[in-house]
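For reference, the structure is listed below as structure tokens.
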Amino acid sequence: MLMKKIILMMLFCFVSMSFHDINTVSTERKVYDTSFLYATELNDSILYLALVHYNVKYPKIVLAQAKLESGNYTSYHCRKRNNFLGLYNSKRGEYFKFNHWTDCIQGYKDMIEYKLKDGEDYYNFLVRIRYASSPNYINKVKQIEESIL
């Protein structure tokens, strides 16, 4: 009788261990198309996909900023320096130059977005960090954001 109880107990432990975390094990493989990262010319769709890919917290607003800062991707800094956000190096007194336009996204995350506090309104954040000198900057970005589908 004791032996039967021990075997049943061991069987119970084995079965319960076998199903431990069964809901957290995923056999599904996700495949993402990242070909947009190799685009040589920017447009709204490509940039938005990249902003989402790099986990930018407010991709639609940052897209609006990029459109404003780069004159719809036509500015010198966008075309020649891959700097569509107008990121400025105040220590050197010049705009940053990036090897690829995706590096500008990483620069934005490293130099700007990390300052964003949890739950903070993004537009209040831009004001708090004095992102732009123009008093109309926020309103312009909001207008562009509203026009983006």
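The values are calculated or read from the model by the stated rules, or taken from the named source; none is laboratory data. Remember, predicted model here, so these are calculated numbers, not experimental data. Ideal geometry is used to build each Cβ from the backbone, glycine not excepted, and the neighbour counts take in all protein chains shown. Surface accessibility is based on the protein's heavy atoms, side chains included, excluding ligands, DNA and RNA. Shrake-Rupley method; radii C 1.70, N 1.55, O 1.52, S 1.80 Å.
Structural remarks
- Selection count where residues are open to solvent by 90 Å² or more (accessible area, probe 1.4 Å) and over 21 Å from LYS57 (Cα atoms), scope segment 91-121: 4
- Of all residues in segment 136-149, those that are farther than 18 Å from LEU47 by Cα have Cβ atoms under 6 Å from Cβ atoms of residues that are surrounded by 12 or more Cβ atoms within 10 Å (Cβ to Cβ) and at pLDDT 95 or above, 6 or more apart or on another chain, in ILE138/TYR123; LYS140/LEU68.
- Any hit, segment 74-82, residues being open to solvent by less than 30 Å² (accessible area, probe 1.4 Å), among the β-branched types (Val, Ile, Thr) and modelled with pLDDT of 95 or more: no
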